[in-house]
Amino acid sequence: MSKQLLRQEATDGPAPAEKAGKDVGKTTEGVGKRTGTLFLRRIKVVSFGAFSNKVIGPFAPGMNVVFGRNEGGKTTLNALVSGILFGWEEARGIRNTYKPENAERSGSLFFEDEAAEEELEVFRVKNTDGLQGWASLVDDIDKETFLTMFGLTSDELRSLRNTTDVTAKLLTAGSGTSASPAYALAEIQSRIAEHTSKAAGLDCSIVQLTQRQAELREALSEAADEADRLKLQDKEFHELGPERDNILVRLQTLNTEIESLSAARASLEELEQQQRKNLKQKRKLLDEERALAAQHQERGNDGVSKLVGMKPEQEYMLRDRIDTLLEESSKIEHSVFLAKEDHTSSKAAFEVLHEAGDLKEAEQKARFQRQVQMVSSIILPVLFAAIGAFILLHGWKITSLSFTALGIFVILFAILLAGAAFIMLFRPPKTEDALLQRKQDAQWVMLQDRKKLEACEAERGAQEEKVRDFLKSNGLKEARGSLKRARALLDEAKDRRAQRNLTSQKKQALASQLVSLEEAIAENTAQRERAFAQVGVKEDTPLSALDLWISQKTQQRASLAEARDSINRRYGELKQELSQAKHLRSFDELKLAYQQVRTRQKESMQDYARLLLAKRMLENAIGAWESKSQPEVYKQASRLLALMTSGKWVKIRMSPEGRIQVVDDVKTVREPIHLSLATCQQLYLSLRIALLMTAENVGRALPVLADDILVNFDVERSRGAVKALFELSTRRQVILFTCHEEIVRLLRENDSQVNVLEL
């Protein structure tokens with residue numbers, strides 16, 4: 001990657017702003033703002049895992065590839081970089097933390113400022129010492145964001161962990177404030193947690209203050225037992241004053257109430273007449289509504305009524321499925337037709353072979369030959385045996401050894417001839433075997449065709465059962481297994497739906513009139529309620545009862561006068577007793593402590609409310625920030641995904657429910673869970689690259705570490721992913737670790753000058 005390209009990249013977005021190295025609590029002297037293009041030049045492994053005193057590099061500013069065989073240390077180097085920047089991983093369970101025996105983990109990263117032509121070092125030995133050297137390198141990024149966005153592995157590409165937090169931190173890091181709003185939000189959430197914590201050492205804990213308040217309240221209750229009598233007397237004394245004044249007020253208001261009753265009578269009578277008129281009109285509208293409902297009521301016991309409420313997308317899917325089943329049924333019927341033709345042909349061939357005349361003649365000839373063989377096998381051996389016996393007897397008579405030997409030889413020959421005839425007698429004739437074989441072949445073909453026909457008919461039966469089950473499960477039982485009838489039912493349901501919509505519009509018009517009338521009735525009812533409330537009577541009180549109520553008010557006034565005199569006497573007695581009472585000092589101290597805790601609790605609650613408000617404001621600010629930046633992220637990600645998939649998937653978007661969706665070239669929408677493993681990884685790789693390209697101010701000098709992320713991609717999509725990584729390398733340094741030589745070849749095909757290192 002040329003220096004000219006890197007300088008051009010630097011003009012597209014600001015580089016990291018500061019280098020404030022921290023060395024065990026000290027700030028590194030003479031390190032201020034840095035300009036130019038910063039990139040990782042070398043990695044020095046002092047002691048980490050199986051490595052010790054090893055230097056890996058040099059790396060170039062743009063695209064780098066580190067090639068190594070399995071177990072060559074690629075994953076170890078990834079862990080080393082994140083460990084140096086954000087701390088070594090603590091040992092938990094069986095996880096590999098790369099801690100060498102008898103040594104501390106230690107390493108350095110050397111970054112080169114290409115413009116200033118100087119090298120900056122960051123290193124770490126112990127987590128307690130922190131990051132040494134140019135520590136401001138990671139001021140604008142945390143470990144989780146780095147591992148999720150900069151440390152790419154094949155497993156990480158299956159999903160985005162904590163997508164919302166990572167996106168917020170990346171997109172708000174360049175907000176222009178002293179700290180990212182996402183970091184401020186994290187701090188506020190920490191303080192909110194302190195206010196809701198149960199820890200005893202936190203003075204602002206609402207839980208602890210509430211518990212302390214409950215303890216003081218219990219102590220106050222115990223102290224109050226000693227002053228119950230005085231408290232009751234004091235309460236009675238303070239209640240008597242308002243009660244005495246209240247009696248005077250009530251006496252003054254009685255005359256006013258009686259006068260208002262007469263004025264309200266005429267108003268209530270007029271309101272009741274108007275209400276009766278409104279209710280009559282309402283009944284008329286309800287009758288019209290019921291008549292309309294009865295006129296257009298759908299049948300509830302047929303199959304079409306159940307289909308009327310079907311959603312359009314369900315109907316489209318159902319029609320597509322019906323078309324598919326029609327096509328399958330047609331293919332099966334064709335298979336049955338062909339099987340029937342084959343079976344008919346083979347059956348005819350077998351019957352022709354079985355009944356043909358030439359075969360009958362062959363059978364007769366074979367039987368004749370069989371009979372000749374049987375006669376010959378009997379006559380010839382007997383004849384030769386007789387001749388041999390005659391010669392043998394003649395030789396004995398004439399005492400000739402040659403005649404005797406000849407007779408014995410002829411007899412033996414007769415025996416051999418009889419054995420051969422016996423074998424030929426029981427040996428099946430070839431003509432009969434050929435005939436039998438032809439019949440068997442023809443019969444076998446016929447049976448095979450019959451089995452094929454039965455299988456096709458069984459498949460047709462299964463298809464018909466499948467169609468019936470499908471129609472039944474989708475509310476098309478009335479189709480009785482006919483797909484054409486099912487389509488007709490869907491068409492009828494569509495017509496009924498249109499008719500129902502027309503009826504609904506008419507009902508809405510009636511409903512609007514009813515709403516207006518209901519509002520008038522409600523307003524009339526409210527006026528009546530206000531009128532009854534003004535005179536202080538119940539709504540169902542008849543007007544004739546108002547006169548009786550006036551008489552009762554007069555009697556009530558006399559009773560109030562007597563009560564007033566009694567209260568005045570009691571008031572004087574209590575005043576004299578309370579003036580001589582003394583309050584307990586301990587009770588006052590408890591009340592003071594209780595009020596102090598209550599005040600602290602109120603202040604803590606106010607702080608908690610302010611923190612919640614600040615949290616809400618920051619969340620809204622981050623949301624507004626993301627609303628400006630995220631469209632560009634999804635635009636870039638869509639372009640990169642189309643590049644990787646050769647135009648198969650063309651768009652990435654966010655659903656209203658906040659879930660990621662992808663759209664292919666024929667407008668099919670899918671969520672990541674429905675994609676293949678490789679396509680899912682390509683989706684999330686596109687999102688990560690788009691985020692890294694959009695949030696250029698975050699981790700500007702940090703390299704993107706990709707560990708065998710193309711292992712599940714085919715050649716074509718690997719080539720597209722390589723192009724996307726090269727595009728990212730024009731903005732950020734990319735280091736790709738791989739053990740596959742074909743990946744290295746793809747990178748060199750894209751750029752023959754790519755920096756290749758071997759472990």
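Observations on the model:
- Answer residue from the range 118-154, given it is small (Gly, Ala, Ser) and in a strand (DSSP E or B) and is surrounded by the most Cβ atoms within 10 Å (Cβ to Cβ) among those: Gly133
- Which numbered condition Met693 fails, given (1) surrounded by fewer than 18 Cβ atoms within 10 Å (Cβ to Cβ); (2) assigned to a helix (DSSP H, G or I): (1)
- Residue among Ile689, Ile709 that is over 22 Å from the mean Cα position of the chain (by Cα), of a type in the set (A, V, I, L, M) and farther than 22 Å from Asn70 by Cβ: Ile689
- Any hit, the range 75-84, residues being assigned to a strand (DSSP E or B) and surrounded by 16 or more Cβ atoms within 10 Å (Cβ to Cβ): no
- Within the range 245-274, residues that are under 28 Å from Ile521 (Cα atoms) reach partners that are open to solvent by less than 60 Å² (accessible area, probe 1.4 Å) and not in a helix (DSSP H, G or I) with beta carbons closer than 7 Å, at six or more positions or on different chains, in the pairs Glu257/Gly536; Arg265/Leu543; Leu268/Leu543; Glu269/Leu543.
- Cross-chain or 6+ apart pairs with Cβ under 8 Å, the range 739-751 first and over 15 Å from Asn64 (Cβ atoms), then open to solvent by less than 40 Å² (accessible area, probe 1.4 Å) and of a type outside the set (A, V, I, L, M, F, W, C): Cys739/Gly68; Cys739/Gly72; Cys739/Lys74; Cys739/Asp708; His740/Asp708; Glu742/Ser718
- Scanning the range 96-117 for residues that are open to solvent by 40 Å² or more (accessible area, probe 1.4 Å) and either more than 21 Å from Thr75 (Cβ to Cβ) or of a type in the set (Asp, Glu) (or both) yields Glu101, Asn102, Glu104, Glu112, Ala115, Ala116, Glu117.
- Subset of the range 516-553 [hydroxyl-bearing (Ser, Thr, Tyr) and either touching a residue at least 60 places away in the same chain (Cβ under 8 Å) or open to solvent by 80 Å² or more (accessible area, probe 1.4 Å) (or both)]: Thr525, Ser544
- Number of positions in the range 696-753 that are open to solvent by 50 Å² or more (accessible area, probe 1.4 Å), among the polar types (S, T, N, Q) and part of a helix (DSSP H, G or I): 1
- Answer residue from the range 44-70, given it is open to solvent by 30 Å² or more (accessible area, probe 1.4 Å), at pLDDT 90 or above and aliphatic (A, V, I, L, M) and is farthest from Arg748 (Cα to Cα) among those: Val46
- Residue within the range 7-23 that is more than 37 Å from the chain's Cα centre (by Cα) and at pLDDT 75 or above present: no
- Residue count for the range 632-663 under the criterion of being in a helix (DSSP H, G or I) and charged (D, E, K, R): the result is 3.
- In the range 384-417, residue nearest to the chain's Cα centre (by Cα) [restricted to those that are under 25 Å from Met374 (Cα atoms) and surrounded by 17 or more Cβ atoms within 10 Å (Cβ to Cβ)]: Leu417
- Total residues in the range 739-759, condition of a type outside the set (Asp, Glu) and in contact with a strand residue (DSSP E or B) (Cβ under 6 Å, 6 or more places away or on another chain): 6
- Any chance Thr503 is open to solvent by less than 50 Å² (accessible area, probe 1.4 Å), modelled with pLDDT under 80 and either of a type outside the set (S, T, N, Q) or over 30 Å from Leu248 (Cβ atoms) (or both): yes
- Single residue of the range 474-484 satisfying the filter (of a type outside the set (A, V, I, L, M) and either modelled with pLDDT of 80 or more or touching a Gly at 6+ places or on another chain (Cβ under 7 Å) (or both)) that is surrounded by the fewest Cβ atoms within 10 Å (Cβ to Cβ): Lys477
- The number of residues in the range 654-670 that are surrounded by 12 or more Cβ atoms within 10 Å (Cβ to Cβ) and at pLDDT 85 or above comes to 7.
The values are calculated or read from the model by the stated rules, or taken from the named source; none is laboratory data. As the structure is a computational prediction, the values presented were derived from the model and not from experiment. Neighbour counts run over all protein chains shown; Cβ positions are idealised from the backbone, glycine included. Just so you know, the surface numbers come from the protein's heavy atoms only, side chains and all, with ligands and any DNA or RNA stripped out. Shrake-Rupley method; radii C 1.70, N 1.55, O 1.52, S 1.80 Å.
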